[in-house]
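Structure record follows, encoded as structure tokens.
Taken together, the values in this text are just the output of simple stated rules run on the coordinates, not laboratory data. All values reported here derive from a predicted model rather than from experimental measurement. All Cβ positions, glycine included, derive from the backbone under ideal geometry; neighbour counts span all protein chains shown.
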Amino acid sequence: MADAPNIDFSSQVRIIREDYSKKRDSTNLFSLTGQKLIDLRKEITGAILYSTFWYEKDTNAYQYVRLADIAGTLSGEILRLNQTLPEQHGHYEIAGDQIRPLEQAPPPPSEEPDDSEDVSQILQLLPVVQVDNDKHFTKQSRYGSEVRNLLKCQGGSCPGRPVSEHIIQLLGKSPDGKLVFEKFKPRYLVLGQVHALSTYLDWILQLISGLKSLHLLGIVHRDLRIDNLVFSDDYSKIVIIDMESHWGIRQAPELSRDPDVVPEWTEKSDIYDLGDVIRHMVLGNAPITDRVEIPVPLPLNRIVDACTNPSPEKRPSLDELHQMASEITR
């Protein structure tokens, strides 16, 4: 896509979306021979990232499939949706081009334990808001860090004075103890459409502004993705939500993929995630597997490539990203 400068931006976006739709519709990775996917886990073994899938065969039986992420091989191409899973009986592993049957396989993982905190004390700091479902959105608070971060983003009080219009404002708590926010449009009602380059640039600049405000307050978002973005009714404003900063995604290559290790999220890992956000905004959705190679249309590819540089120290600052986006001709 980057070698097609004579194709206008909107046409590039449509081509990217059509290509991805074909891959998504042809894969059997998430419904092997009609079997429902029970769970998907990832782990690194011997410096290779493995994706493990458990499929439900019937009530008491499952099929286990493990794929090595080795680019240019059968297993890597399956993860990138360029090939389909072979229909094999029983459990098996594909590492590169080798298919290896497995006599035994671990069962599907049990559900993660609920690690929600007791937030009753910090909720006492919030005023009670009478919820209007047409104007408000509510959510159950699971971690005290979310309320503390939200208050920090609005001067320490509620409703307070927001440091950025691109960070969700906490209005208070509902009578039943849920957090109350202004209601915005969810991303799937907005990003599914193809927008003008100028619109994406406006959103990118707003995201950079909101993220900079967070970082100036010492807050690393950790979970920056399109599911944590909402929009104003006229689509002109983008707002970052989900301020828990407790768990997060591990896309930046410097973050540990070991589920038993808590990664050290940083401002630079947020910037990496910003690159993925831009890529997925253009796609209109998050791909069903993060191994799918989604091209980014000109001229946004330069920004995404800079954000997702494998070396954290080589990623640009938010000020540098702001300048890069501002210099793009609309």
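Rounded to the nearest 500 deg cm²/dmol, what is the calculated helix-only ellipticity per residue at 222 nm for the chain, with -39500 (n - 2.57) per DSSP H run of length n ≥ 4?
The per-residue figure over the chain is -8500 deg cm²/dmol.
If you build the Cα gyration tensor of the chain and take the root of 5 times each eigenvalue, what three semi-axes come out, in whole angstrom, biggest first?
35, 27, 19
Would you be so kind as to identify which of P295, N133, H280 lies farthest towards the positive end of the dipole of the chain, taking Lys and Arg as +1 and Asp and Glu as -1 on Cβ and the Cα centre as origin?
N133
Would you please classify the overall shape of segment 120-182 from the alpha carbon gyration tensor, given that a ≥ b ≥ c denote the square roots of the eigenvalues, rounded means a/c under 1.5, and beyond that prolate means a/b larger than b/c while oblate covers the rest?
Note, shape of segment 120-182 comes out oblate.
Lys/Arg Cβ at +1, Asp/Glu Cβ at -1, dipole of segment 98-177 taken about the Cα centre: which of S174, V147, C158 is farthest positive-ward?
It is C158, whose Cα lies furthest towards the positive end.
Can you sort H136, H221 from fewest to most other Cβ atoms within 10 Å of each residue's own Cβ?
H136, H221
What are the lysines whose alpha-carbon lies under 21 Å from the alpha-carbon of K178, with same-chain residues fewer than 8 places away excluded?
Straight-distance partners of K178: K135, K139, K152.
Need the C-alpha centroid separation for segment 107-130 versus segment 74-94, integer Å.
The distance from the Cα centre of segment 107-130 to that of segment 74-94 comes to 39 Å.
Take D270, D202, D319 and order them by how many other Cβ atoms sit within 10 Å, fewest up front.
Fewest-to-most Cβ neighbours within 10 Å comes out as D319, D202, D270.
Using Cβ counts within 10 Å as a stand-in for footprinting exposure, how do L211, L32, L151 rank, fewest first?
Least to most surrounded, the residues fall as L151, L32, L211.
Cut-off 15 Å, label point 7 angstrom out along Cα-to-Cβ of N82: give me the residues of segment 274-315 whose amide nitrogen falls inside.
291-295
Which pairs break 27 Å Cα to Cα here: K42/K268; K237/K314; K42/K183?
Going by Cα-Cα distance, K237/K314; K42/K183 fall outside the 27 Å limit.
Nothing charged except the Cβ atoms of Lys and Arg (+1) and of Asp and Glu (-1): what's the magnitude of the dipole of the chain about its Cα centre? Round to the nearest 20 debye.
Roughly 600 debye for the chain.
Using only alpha carbon pairs under 8 Å that are at least six residues apart, calculate the relative contact order of the chain and give it in whole percent.
16 percent
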